[in-house]
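Peer 1: This is the structure I want to talk about, given as structure tokens.
The values are calculated or read from the model by the stated rules, or taken from the named source; none is laboratory data. All values reported here derive from a predicted model rather than from experimental measurement. Backbone-built Cβ (ideal geometry, glycine too); neighbour counts: all protein chains shown. What goes into the accessible areas is simple: the full protein's heavy atoms, side chains included, and nothing from ligands, DNA or RNA. Shrake-Rupley method; radii C 1.70, N 1.55, O 1.52, S 1.80 Å.
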Amino acid sequence: AVLVEALLVFSAALSVHAVVWDRFSWCALALAVQAFYAQFKWDRLLRLGGAVFQFRGAANSGLLPASMVMPLLGVVMKERCRAAGIVYFERLGVVVASTGMLLALFLSVLAVGITKPVPTNTCILTGVAGSIIIYTMKHSLTVSEVIEVLEVLLIFVYLSMILLYLLPRCFTPGEALLVLGGVSFVLNQLIKRSLNVVEGKGDPIDFFLLVAVVGVLLLGLFFTVLFVFMDSGTWISSMFFHMMTAVLGLGVIMPWLYRLIQRNPLFWLLQFLFQTQTRLYLLVYWTFLAASACGVVFYQNAKRSSESKKHQASTITRKYFHFIIVATYVPGLIYDRQLLYVAAVLCLAVFIFLEYIRYFRIKPFGQTLRHLLSLFLDERDSGPLILTHIYLLLGMSLPVWLFPRSCAPKGTLPGAGALVPYSGVLAVGVGDTIASVFGSTMGEIKWPGTKKTFEGTMTAIFAQIIAVALILIFDSSVNLNSSYAWILGSVSLVSLLEAYTTQIDNLLLPLYLQIMLMA
């Protein structure tokens, strides 16, 4: 299974570089070969319990698929923005690619360094890949961009040491690379833009994303340190939690956002949300769907009888939320993508904040949330945090947030790139959902080395092709320009990756589909 997963990742990387070949292609391919060997070192460390931190069990390290995401994303972003003549975002793509390569190389060096005896072949490959990457960065990056890449690496190292120690068994090494690498890049971008504020420059919704993500994570770090010294389950601690949340929100996060967008954040947000009648209709519709999702949670918990306390929700039951989130995102993508962008940021902040309340047992809702959500746990929620619903939201939202709007003057990219914002809907909302439902109910032929079935994967590919056809019918901005063979190949490759990967598919699959479609 690991070898097939690696073959699929190599196929994706080669497909992208066959279209977009430049000096970074050599780096990415050298990194892929090196990560393939280093992944086996991480897997051995995880089996023997020799890793520095406690990582999520029942999965391989996932270093190879995670190592390719940021470099490939940066390369395709660079090419798209270069074609559009947007120099700033072209350089940002170069920085993203370089940062992703350096972070992945760091994790590989860490694995090689703590493996005993020292693996000679992997050391040589790591040295060769590192030399190619550093040589290319030397001839591709300016001094300020090199400093920016090193800043992200430094933030990543410190965040990894803190969060992997505080949150054991929540991530595999690959998932840590994706999540903490992304957070490190966002934090560095926020610091950079805060120090170089130019009035009227920059989109407020981009600043809103940066401040919301960093603000809610800093809030969690603050309370994690605080509750080391006091019991978080008491009423006094809970009152202090709510009070300090208000103080940090109104005293730090709001002024920070005010400095970036140069206007009152609350007034701007209210004006933005209720700007048009279409937005009002969408907000009412989304409120109804959110109430429906809460209704599913309460109904499933009500069905749990006293003699079946260990009962867990079935795969089909958990996929109800996938159907609901597809019904949420598709109208937003068709009618108002900017509103969807901001609403997804707000929803992410709420999800993370509710997870803090559950994790710290903050009264009056902490214990209730623990009871309600315990029904929907699966083997991937082996750590103290429940992250699968947050990963689902991220998987649907990242293609919307990472869509290079400035490099698409008409609001959409040509050819298959027009489907980029729909990557989460296709890969997770449609493909993963249909594969799980049909595979668990009708699947008989299993893929070698996995629990996934041939029937589930084929049905998922077919369902995604139907979804693309429906998008063409209902979204007039999508024009594929006869890119059907590439779309079919991309969807098929990502569906096969879903069958073989042991990483969080809600997070990994949309990113790979976005990369393939952008290329």
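Peer 1: Where in the chain are the helices, taken as whole DSSP H runs, whose Cα atoms extend 15 angstrom or more along the long axis and whose Kyte-Doolittle mean reaches at least 1.0?
Peer 2: What comes out of the filter, once short or polar helices are dropped, is 2-19, 87-114, 143-166, 204-226, 235-248, 337-360, 388-401, 454-474, 484-500, 505-518.
Peer 1: Could you grab the relative contact order for the chain? Cα pairs under 8 Å, six or more apart, rounded to a whole percent.
Peer 2: Taking the mean separation of contacting Cα pairs over the length of the chain, I get 18 percent.
Peer 1: Between Leu273 and Tyr135, what's the calculated FRET efficiency when r is the beta-carbon distance and R0 is 35 Å? Round to 0.05.
Peer 2: 0.10
Peer 1: When Rg is the radius of gyration of the Cα atoms in the chain and Rh is its Kirkwood radius, what does Rg/Rh come to?
Peer 2: That ratio is 0.94, to two decimals.
Peer 1: Ranked by accessible surface with a 1.4 Å probe, highest first, in what order do Lys41, Lys446 come? Don't skip to the end; give the middle numbers.
Peer 2: Values: Lys41 55, Lys446 120 Å².
Largest accessible area first, the residues go Lys446, Lys41.
Peer 1: Report the paramagnetic label zone for Arg263: residues of the stretch 401-433 whose backbone N is under 20 Å from a point 7 Å from Cα along the Cα-to-Cβ axis.
Peer 2: Backbone N within reach: 406.
Peer 1: Gap in Å between the Cα centre of the stretch 381-396 and the Cα centre of the stretch 147-221?
Peer 2: The distance from the Cα centre of the stretch 147-221 to that of the stretch 381-396 comes to 18 Å.
Peer 1: Another one. With charges set only on the Cβ (+1 for Lys and Arg, -1 for Asp and Glu), what does the dipole of the chain come to about its Cα centre, in debye to the nearest 20?
Peer 2: Roughly 560 debye for the chain.
Peer 1: Continuing with the same structure: If you rank Lys363, Lys138 by how much accessible surface each has, with a 1.4 Å probe, what is the order from largest down? All intermediate terms of the calculation are to be shown ahead of the outcome.
Peer 2: Values: Lys363 70, Lys138 145 Å².
Descending accessible area places them as Lys138, Lys363.
Peer 1: When only the heavy atoms of the protein chains count and the probe is 1.4 Å, how do Thr276, Thr433 rank by accessible area, highest first? Numbers along the way, then the final one.
Peer 2: Numbers: Thr276 60, Thr433 0 Å².
Of Thr276, Thr433, the descending order of accessible area is Thr276, Thr433.
Peer 1: What are the trypsin sites (Lys or Arg not before Pro) within the stretch 351-413 that DSSP puts in a loop, where the Cβ has at most 16 other Cβ atoms within 10 Å?
Peer 2: On the way: sites: Arg358, Arg361, Arg370, Arg380, Arg405, Lys410; in loops: Arg361, Arg380, Lys410.
Taking the stretch 351-413 and a limit of 16 other Cβ atoms within 10 Å, the loop trypsin sites (Lys or Arg not before Pro) found are Lys410.
Peer 1: For the stretch 2-18 and the stretch 40-95, what is the separation of their Cα centres, given in Å?
Peer 2: Rounded to whole Å, the Cα centres lie 13 Å apart.
Peer 1: Sticking with this one: Roughly speaking, what % of Cα-Cα pairs in the stretch 378-495 are separated by over 22 Å, rounded to a whole number?
Peer 2: Beyond 22 Å sits 42 percent of the P(r) for the stretch 378-495.
Peer 1: Which value at 222 nm does the chain reach when only helices count, each DSSP H run of 4 or more adding -39,500 (n - 2.57), with the total divided by all residues and rounded to the nearest 500 deg cm²/dmol? Don't jump to the answer; show the numbers that get you there.
Peer 2: Values: 20 runs with 373 residues, N = 519.
Result for the chain: -24500 deg cm²/dmol, rounded to the nearest 500.
Peer 1: Could you list the trypsin sites (Lys or Arg not before Pro) in the stretch 252-290 that lie in coil according to DSSP, counting only those with at most 13 other Cβ atoms within 10 Å of their Cβ?
Peer 2: Here the sparse-neighbourhood loop sites are Arg263.
Peer 1: Note the full-extension length gain between Thr315 and Leu3 as 0.36 nm times their separation in residues minus their Cα-Cα distance, in nm to one decimal.
Peer 2: So the chain would gain 109.7 nm between Thr315 and Leu3.
Peer 1: Set the Förster distance to 30 Å, then compute FRET efficiency between Val247 and Met161 from the Cβ-Cβ distance, nearest 0.05.
Peer 2: According to the calculation, E is roughly 0.65.
Peer 1: If the rule is a partner Cβ under 4.7 Å, which cysteines in the chain fail it?
Peer 2: For the chain, the answer is Cys27, Cys123, Cys170, Cys294, Cys347, because their Cβ atoms have no other cysteine Cβ under 4.7 Å.
Peer 1: Determine which lysines satisfy two conditions relative to Lys303: a Cα distance under 29 Å, and not lying fewer than 8 residues away in the same chain.
Peer 2: Of all the lysines, those that pass the test against Lys303 - Cα under 29 Å, at least 8 places apart if same chain - are Lys319, Lys363, Lys451, Lys452.
Peer 1: Carbon and sulfur: what percent of the stretch 158-215's accessible surface (1.4 Å probe)?
Peer 2: 67
Peer 1: List the aspartates and glutamates whose alpha-carbon lies under 20 Å from that of Lys138, not counting same-chain residues fewer than 8 positions away?
Peer 2: Within reach: Asp22, Glu79, Glu90, Glu148, Glu151.
Peer 1: While we're here: Of all chymotrypsin sites (Phe, Trp or Tyr not before Pro) in the stretch 1-36, which ones are in loop regions per DSSP and have a Cβ with at most 15 other Cβ atoms within 10 Å? The partial results should precede the final answer.
Peer 2: Working: sites: Phe10, Trp21, Phe24, Trp26, Phe36; in loops: Trp21.
Counting only loop positions with at most 15 other Cβ atoms within 10 Å, the chymotrypsin sites (Phe, Trp or Tyr not before Pro) in the stretch 1-36 are Trp21.
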